[in-house]
Amino acid sequence: MVSLQDVLKQYCSGGKWNSGGGCEGETLPIVDDKHLSRYPKLVPVLESVVSRMTTPVHYLNITRMTDYRKEAHPSVYRFPAGKRLPGLVQDCSHWCLPGVPDAWNELMYALLRKRWGM
């Protein structure tokens, strides 16, 4: 079995997470499709290449599903309100547990069970 990782958008405004950007204020998931980010340009290219490969590849595209969960990063909310320091580096590139990575794991597990008839 071949596994591919998808590239996900980071929800930082004002720069990258390690240079002044942050995702503070992102406390709710996206509930309206019109607020989703543009689909990464290279995803259709990847999907086209995968569909033509001779080696069987199961591509699990988690981009759109994960895009709805812009609030699920550690951000400043990993600390109680009274303990948040000004200028605290905000981690907008990782995901909180339990949460989004658990959904990825559940989908991968279902794919494996289906593939091997478990």
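Taking all protein chains as they are arranged and a probe of 1.4 Å, the heavy atoms of TRP116 leave approximately 140 Å² accessible to solvent. For segment 13-117, the mean projected area of the C-alpha convex hull, equal to one quarter of the hull surface, is 9.0 nm². What FRET efficiency comes out for VAL57 versus ARG84 if R0 is 35 angstrom and r is the Cβ-Cβ distance? Round to the nearest 0.05. E(calc), rounded to 0.05, equals 0.20.
In this structure HIS94 has an accessible area near 110 Å², from a 1.4 Å probe over the protein heavy atoms.
Other residues whose C-beta falls under 12 angstrom from the C-beta of TYR77 contribute a net charge of -1, scoring Lys and Arg +1 and Asp and Glu -1. Can you bin segment 50-97 into rounded, prolate or oblate? Criterion: square roots of the alpha carbon gyration tensor eigenvalues sorted a ≥ b ≥ c, rounded for a/c under 1.5, prolate for a/b above b/c, oblate for the rest. Because a/c hits 1.5 or more and a/b exceeds b/c, segment 50-97 counts as prolate. The loop-placed trypsin sites (Lys or Arg not before Pro) in segment 23-118, going by DSSP, that have at most 11 neighbouring Cβ atoms within 10 Å of their Cβ come out as ARG38, LYS41, ARG52.
The values are calculated or read from the model by the stated rules, or taken from the named source; none is laboratory data. Treat the numbers as computed from the prediction; the structure is a model and nothing was measured. Neighbour counts run over all protein chains shown; Cβ positions are idealised from the backbone, glycine included. Each accessible area value is taken on the protein alone, full model and side chains, heavy atoms only, with ligands, DNA and RNA left out. Shrake-Rupley method; radii C 1.70, N 1.55, O 1.52, S 1.80 Å.
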